[in-house]
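The values are calculated or read from the model by the stated rules, or taken from the named source; none is laboratory data. Being a predicted model, the structure only gives us computed values, none of them experimental. Virtual Cβ from ideal backbone geometry, glycine too; neighbours counted across all protein chains shown. What goes into the accessible areas is simple: the full protein's heavy atoms, side chains included, and nothing from ligands, DNA or RNA. Shrake-Rupley method; radii C 1.70, N 1.55, O 1.52, S 1.80 Å.
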Amino acid sequence: MRRVLLAAPLAAVLLASPSPAAAQPWVVAPASDGADVISQLFWFTLVLATIVFVLVEGLLIYSSLRFRRRAPLPTREPPQIHGNTRLEVMWATVPALILIGLFGITVSRLGDLSQIPTDPNTLHISVTGRQFQWEFAYGNSGVKSNDLHIPVGTPLVFDVTSTDVIHSFWVPDLYGKIDANPGRVNRITFKANKPGEYRGVCAELCGAGHGGMLFRVEAVSQGEFQQWLQQQQAGAGAPAPAPAPAPTPGAPAGANPADGAALIPQKGCGACHTIPGIPGATGNIGPNLAGVASRNRIAGGAVPNNGPDDLKRWIMNPPGLKPGTAMPNLGLTDDEATKIVAYLETLK
Ligand code: CUA
């Protein structure tokens, strides 16, 4: 009884926490047609299992109560029973039929899920996992991002791969998991049907930074998506900013973006990052920094980015903020970091 009393509040908490999509991934609040199929399968299995559980436990409890030893104790041994062919055949065939049925339904649903759409409006997104971040490339637009942006109502095809070890791409609200294997492209497809912000994770232990290999998914209308894509295309080819005028009185000292732009090549940031407006900064080991200032999380989702201070804290000590990150501590001085951040903050 005590256990029941303890379990009840716990169950209540678990059942009451299908929080807003952005807060916690929630597998049974599908926001895409693919997740819908998975969720139906989940509920079907759960209901079936519950019926079996209640039936079996009910019979067990009933038998224990009904046939328990009662006083006065019987003087004779009760009749002994050996085997019951009909019962035995039944308890072997019924579970077998249930399992075969479930298997059949699962296989057919999996078949539906892996139908690659032939719709000409299909958007292909290449997903690349690497220790410890994700990169998304959109069709042949040339746009790359570390957060996933998707249009609602458009069939999406994801070509998922990895450049190093095995990762697993998973946005619980939108679809099941798919492995990202080096040297191989795994394909999944779904159509998001609810705008919103979702959370994506890496679902395969891939090294020290695995827990921080997160990303944000923004599902927006077709129009907003196109606008974002064009904005990114424009941003990616932007020329270096003109030298800024002398800092206005009252502006924080050293916060001149042009100083930062001059410093970035010296610090070698461009060997790993593509940075719009910095000549020669075309690396693709780390994230593309186009739009970095508008991301509310950086470092593959591991570090909050609510303004210049957060960004500065990150570039001054990456391994301290995200253990296992490939980004080294460059030993930037406070002044250097302020200047670099001033430039990065222009990349909206
Ligand atoms: Cu990548 Cu875990």
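Numbers at a glance
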item: Most mobile of Leu97, Leu87, Leu41 in a GNM of the chain (Cα contacts under 10 Å); result: Leu87
item: Counted charge near Leu330, where neighbours are those whose Cβ lies closer than 11 Å (Asp, Glu -1; Lys, Arg +1); result: 0
item: Cα-based Rg of the chain normalised by 2.2 N^0.38 Å, two decimals; result: 1.38
item: Summed side-chain charge close to Val157 - residues other than Val157 whose Cβ falls under 11 Å, Lys, Arg +1, Asp, Glu -1; result: 0
item: Integer Hz, Karplus 6.51/-1.76/1.60 couplings in order for segment 61-67, x for Gly and Pro; result: 5, 4, 5, 5, 6, 5, 10
item: Placed amide H near Ser168: partners under 5 Å, 5+ positions off or other chain; result: Ala180, Ala203, Glu204
item: Segment 102-110 - phi-based ³J(HN,Hα) in whole Hz, Karplus 6.51/-1.76/1.60, Gly and Pro as x; result: 4, 4, x, 4, 4, 4, 5, 5, 4
item: Förster radius 56 Å - calculated FRET efficiency between Arg86 and Asp164, Cβ distance, rounded to 0.05; result: 0.45
item: Cleavage-rule hits (chymotrypsin sites (Phe, Trp or Tyr not before Pro)) in segment 29-70: DSSP loop, at most 14 neighbouring Cβ within 10 angstrom; result: Phe67
item: Percentage relative contact order, the chain, counting C-alpha pairs under 8 Å, at least six apart; result: 15 percent
item: Residue order for His167, His210, His124 - accessible surface, 1.4 angstrom probe, largest first; result: His124, His210, His167
item: Dipole moment magnitude, nearest 20 debye, the chain about Cα centre, only Lys, Arg, Asp, Glu C-beta charged; result: 1440 debye
item: Derived scalar couplings ³J(HN,Hα) [segment 158-163; Karplus, 6.51 cos²θ - 1.76 cosθ + 1.60; whole Hz; x for Gly, Pro]; result: 10, 9, 9, 8, 9, 9
item: Net charge of neighbours whose Cβ lies under 15 Å from the Cβ of Gly211, counting Lys and Arg as +1 and Asp and Glu as -1; result: +2
item: Most fluctuating residue given options Ile105, Ile285, Ile188, as computed from a GNM of the chain linking Cα atoms under 10 Å; result: Ile105
item: Segment 282-348, accessible area per residue, ligands and nucleic acids excluded (1.4 Å, Å²); result: 44 Å²
item: Accessible carbon and sulfur surface of the chain relative to its total accessible area, %, 1.4 Å; result: 63 percent
item: Under 5 Å, built H, 5+ apart or other chain: amide partners of Ser162; result: Gly129, Asn181, Gly183, Arg184
